[in-house]
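Note sheet for the following structure.
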Amino acid sequence: MLTLSATAAARAWLDSALAEAEARTPGWEERFVAAGRHCGHEHADEARTLLLRAAGADPDTLARLYHHGTAAERRAVLLALPSLVTGPEALPLVEDALRTHDTTLLAAALGPYAATHLTPHAWRHALLKCLFSDVPVTVVAGLAERAAGDGELARMLTDHAAERTAAGRAVPADLSRVLALTAPTEES
């Protein structure tokens, strides 16, 4: 439930909204949209994710809310994916977020759902986008596991560092950390 710093009014609003979402009343999606106003922007992701879970939102509902939503609403949908969608049906939402220049969407897109469902090629490019967009790689779920022994990722990172250096630009600090993760393992 909402953290203790949320006001009593915000918690009461959310309790009512969650009851609507569980009952799948027609107004629950409006509550999803209004969560930031009622729970505060610092609690909006949590409130929206709870609403999506309470409603048991299916991939079609998630897609509709994502495509018609603000960046904050899209972020909440992305954050909720691992608990609502077990298969790859929601990958188009992740792929859309990876094409944006909104770093909050990029960070949310690279959670556990992407770690499980993105192809190696798409995952590598998403990770590279984090590096050149200054999104900390600490937000990338499954980073160590997916990067381990990945020679292609190592090549891409080395090329990216060389391009940045040749252009007189700084190499992102996280690049060497990720490159170290790509070292061959005993199993590779």
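Here are some notes:
- Among the residues of the range 52-69, those that are open to solvent by 20 Å² or more (accessible area, probe 1.4 Å), of a type outside the set (D, E) and part of a helix (DSSP H, G or I) comprise R53, A54, P59, A63, R64, H67, H68.
- Residues that are among the basic types (K, R) and in a helix (DSSP H, G or I) were ranked within the range 152-186; the one that is least open to solvent (accessible area, probe 1.4 Å) is R164.
- All of A72, A9 fail the test of being small (G, A, S), in a helix (DSSP H, G or I), open to solvent by 60 Å² or more (accessible area, probe 1.4 Å) and out of contact with any Leu (no Cβ under 7 Å at 6 or more places or on another chain), apart from A9.
- Residue match in the range 102-117 (condition: within 16 Å of T138 (Cβ to Cβ), β-branched (V, I, T) and either in contact with a helix residue (DSSP H, G or I) (Cβ under 9 Å, 6 or more places away or on another chain) or not in a helix (DSSP H, G or I) (or both)): yes
- Note on the range 75-108: residues that are of a type in the set (K, R) and either touching a Cys at 6+ places or on another chain (Cβ under 6 Å) or buried (at least 22 other Cβ atoms within 10 Å of the Cβ) (or both) amount to 1.
- Output for the range 126-146, where each listed residue is part of a helix (DSSP H, G or I) and farther than 12 Å from G111 by Cα: L128, K129, C130, L131, F132, S133, A144, E145, R146
The values are calculated or read from the model by the stated rules, or taken from the named source; none is laboratory data. Just so we're clear, the structure is a prediction, and the values are computed from it rather than from any experiment. Ideal geometry is used to build each Cβ from the backbone, glycine not excepted, and the neighbour counts take in all protein chains shown. Surface areas here come from the heavy atoms of the whole protein model, side chains and all, with no ligands, DNA or RNA. Shrake-Rupley method; radii C 1.70, N 1.55, O 1.52, S 1.80 Å.
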